[in-house]
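As structure tokens, the structure follows; a few thoughts come after it.
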């Protein structure tokens, strides 16, 4: 049983009940009773507040978390106030759900994705999903570049070219280096034209320096030509 000083709907209005769900010290048994409310069973996004509550019993958390939709799981995974076990489960569950989500769902989840999901998202060959991902506020230059690896995909390059990162010199140097590696691979989907934007970002001296590490002959000539010219025709 729980204290009568903490009633449940319909004895209290839903707004007050939702505020109580965020209280860090509910009476013993109150969270379990709240989880049994019929109306709450129909609102899985609200069950999130019980599942992630630091005072929720482990058995209750284990029962509720698998029932949460991906939006609620993303909210749990990113909520610093959530129980650590709840955050870990939510993150793992999102990783398992990702392959089965629709493109639209992936596009909606991408800017909310917790860090352990980033590599899965980055490998998604859909420009729209990647454009959404590059708006993730938790991305930093170093964490983004850590995701880059050859072979690069045209969808990744297209998303980067329209992102907030498109004028960053460090990003340009890293992308140009990986375009070089990708062009040297068999069955590469990348062509020389994909390098144009990233060469433009660099100053002439940086272009010349970058060219010394480029192994693909045509790309090396392309970079050196525009290093000497100092400009890049539109």
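A few points about this structure:
- CD proxy at 222 nm, helix term only [per DSSP H run n ≥ 4: -39500 (n - 2.57); per residue of the chain; nearest 500]: -15000 deg cm²/dmol
- Choice from 169, 181, 38 with maximal GNM fluctuation in the chain (Cα, 10 Å cutoff): 38
- Dividing the mean sequence gap of close Cα pairs (under 8 Å, 6+ apart) by how many residues segment 82-181 holds gives a relative contact order of 24 percent.
- Calculated on alpha-carbon atoms, Rg and Dmax of segment 109-234 in Å: 14.6, 44
- Degrees, to the nearest 10: 217-229 long Cα axis against longest axis of the chain: 80 degrees
- Rg ratio (alpha-carbon, reference 2.2 N^0.38 Å) - segment 1-100: 1.05
- The chain, relative contact order in percent, only Cα pairs under 8 angstrom and at least six apart counted: 10 percent
- Computed over segment 109-234: relative contact order in percent, which uses C-alpha pairs under 8 Å that are six or more apart: 20 percent
- Between residue 205 and residue 145, full extension at 0.36 nm per residue minus the direct alpha carbon distance yields a gain of 19.4 nm.
- Taking 14, 118, 49 as the candidate residues, the one with maximal mean-square fluctuation in a Gaussian network model of the chain, Cα springs under 10 Å, is 14.
- The label point for residue 8 and the one for residue 96, both projected 7 Å from the Cα toward the Cβ, are 2.7 nm apart.
- Label-point gap, in nm, between residue 138 and residue 162 - each point 7 angstrom along Cα→Cβ: 2.5 nm
- Seen against the Cα atoms of the chain and their longest principal axis, helix 169-183 is set at about 70 degrees.
- More than 28 Å apart - percent of Cα-Cα pairs taken over the chain: 48 percent
- Computed FRET value (nearest 0.05) for residue 105 with residue 191, which takes r as the C-beta separation and R₀ as 30 Å: 0.45
- Computed label-point distance, nm, for sites residue 42 and residue 119 using a 7 Å Cα→Cβ extension: 4.3 nm
- With Cα atoms, 0 to 90° folded angle of helix 84-97 axis to the chain main axis: 60 degrees
Readers should treat all values here as calculations from the given coordinates under stated rules, not as data from a laboratory. On a predicted model such as this, the values are computed, not experimentally measured, just so you know. Counting neighbours? That spans all protein chains shown, and the Cβs are built from the backbone with ideal geometry, glycine included.
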